[in-house]
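A.B. asks: First the structure, which I've put down as structure tokens, then a few questions once you've had a look.
The values are calculated or read from the model by the stated rules, or taken from the named source; none is laboratory data. Owing to the predicted nature of the structure, the values given are computational and were not obtained by experimental measurement. Cβ sites come from the backbone with ideal geometry, for glycine too, and all protein chains shown count toward neighbours.
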Amino acid sequence: MEARSSTIRLYLEETGDRLTVRLEDNGVGMDAETVRRAQDPFYTDGVKHPGRAVGLGIPFLRQLADATGGRFSLESAPGVGTTVELVVPREHLDLPPTGDLPTVLQQALCYAGDYEMVIQRRRDTAGYQVSRRELVEVLGDLETVGSQALLREYIAAQEESLDDTEAETWQR
Amino acid sequence: MAKMTLKDLRKLRDAKRQEMDMRNPDNKTADVIVSMGTSGIAAGAKDTLKAFVDELSAQDLTTVAVRQVGGMGLEHAEPTVEVRVPDMPAVIYGKVTADIARTIVRRHIMGKELVNEHIFDRPAADIVDEGKRGE
């Protein structure tokens, strides 16, 4: 959102023994030198907090890929956008627990601003997709607690449907 | 269980809205702004944010706006949260765990009393810059 993107896509896929997280935006992008420096934990562009020299988000992802034998990539082009991808083994001991996914996804959709965010979720043969624009259209806003609680309930129901599909597959 | 559709979600929203309008006719509400930079998240800001949404829902304060911003520059005091309630000074709270979040809902938002022991007073730069506040 801070990269002035109008569309953000998040892919969250658990297939086979892999967990893939890919985030694509069409924001301002970065040149090759900035892409390189963004992976250094002691670098930040300093726009938001002048004088600060720490930027940990991307280095943490790299560290996680290293620790689990996974793979991390950061691709960007000025004026085009940025793609971050992390692929890690699903069952690796050093992979942090997934945690409360409906809450995390609800929080990711509720940052302020007028932008589209599409989340594509897949677990083996089952999946669902949510679009922020459609949700705003249905809920009216994503700022009030009432909307946020309903949104979390909606995503939790989608997540439960993945379990149902999995159970049906086993029964067959 | 059948998958919930957008149509089901719309029905639920309409039902909740009707219920809320009956209980809260004047609709005067508050703003909660949670700092969600990497350091905030590392300090537990996701749990804090969830605690605000859960407690405000439980207390039927569904018209309160809960927003997320990047770091407020107060890393030593994360998780940090700005609270704006009509007719009260805007404050930033520091070291807001899920328990303190519930205390803020009950004492500040419902009881109109500041939680003095957790106050750090500075505005949230992201939102001031976007001109979203009348300052």
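A.B. asks: Applying the selection to region A:9-37, what residues are among the hydroxyl-bearing types (Ser, Thr, Tyr) and touching a residue at least 60 places away in the same chain (Cβ under 8 Å)?
C.D. replies: Here is the first cut: in region A:9-37, the residues among the hydroxyl-bearing types (Ser, Thr, Tyr) are A:11, A:15, A:20, A:34.
Once the filter is applied, which keeps residues that are among the hydroxyl-bearing types (Ser, Thr, Tyr) and touching a residue at least 60 places away in the same chain (Cβ under 8 Å), region A:9-37 yields A:11, A:15, A:20.
A.B. asks: Let me ask something additional. Only one of (1) part of a loop (DSSP other than H, G, I, E, B); (2) over 20 Å from the mean Cα position of the chain (by Cα); (3) over 30 Å from residue A:134 (Cα atoms) is not met by residue A:79, so which one is it?
C.D. replies: Every listed condition holds for residue A:79 apart from (3).
A.B. asks: Would you confirm whether any residue within region B:65-73 is at pLDDT 90 or above and either among the hydroxyl-bearing types (Ser, Thr, Tyr) or surrounded by fewer than 20 Cβ atoms within 10 Å (Cβ to Cβ) (or both)?
C.D. replies: Let us first name the residues in region B:65-73 that are at pLDDT 90 or above, namely B:65-68.
Retained after the next criterion (residues that are either among the hydroxyl-bearing types (Ser, Thr, Tyr) or surrounded by fewer than 20 Cβ atoms within 10 Å (Cβ to Cβ) (or both)): B:65.
For region B:65-73, residues at pLDDT 90 or above and either among the hydroxyl-bearing types (Ser, Thr, Tyr) or surrounded by fewer than 20 Cβ atoms within 10 Å (Cβ to Cβ) (or both): present.
A.B. asks: Right, next: Scan (1) among the hydrophobic types (A, V, I, L, M, F, W, C); (2) modelled with pLDDT of 95 or more; (3) in a loop (DSSP other than H, G, I, E, B) for the single condition residue A:130 breaks and write down its number.
C.D. replies: The single condition residue A:130 does not satisfy is (3).
A.B. asks: Within region A:123-134, track down each residue that is in contact with a helix residue (DSSP H, G or I) (Cβ under 8 Å, 6 or more places away or on another chain), loosely packed, with under 15 Cβ neighbours inside 10 Å and under 19 Å from residue B:10 (Cβ atoms).
C.D. replies: Passing the criteria: only A:134.
Yes or no, residue by residue, for (1) surrounded by fewer than 20 Cβ atoms within 10 Å (Cβ to Cβ); (2) more than 8 Å from chain B (Cβ to nearest Cβ); (3) part of a helix (DSSP H, G or I):
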| site | (1), (2), (3) |
| --- | --- |
| A:91 | yes, yes, no |
| A:98 | yes, yes, no |
| A:104 | yes, no, yes |
| A:112 | yes, no, no |
| A:121 | no, yes, no |
| A:136 | yes, yes, yes |
| A:156 | yes, yes, yes |
| A:160 | yes, no, yes |
| A:168 | yes, yes, yes |
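A.B. asks: If you take the residues of region B:89-125 that are farther than 21 Å from residue B:50 by Cα and within 13 Å of chain A (Cβ to nearest Cβ), which of them is modelled with the highest pLDDT?
C.D. replies: B:122
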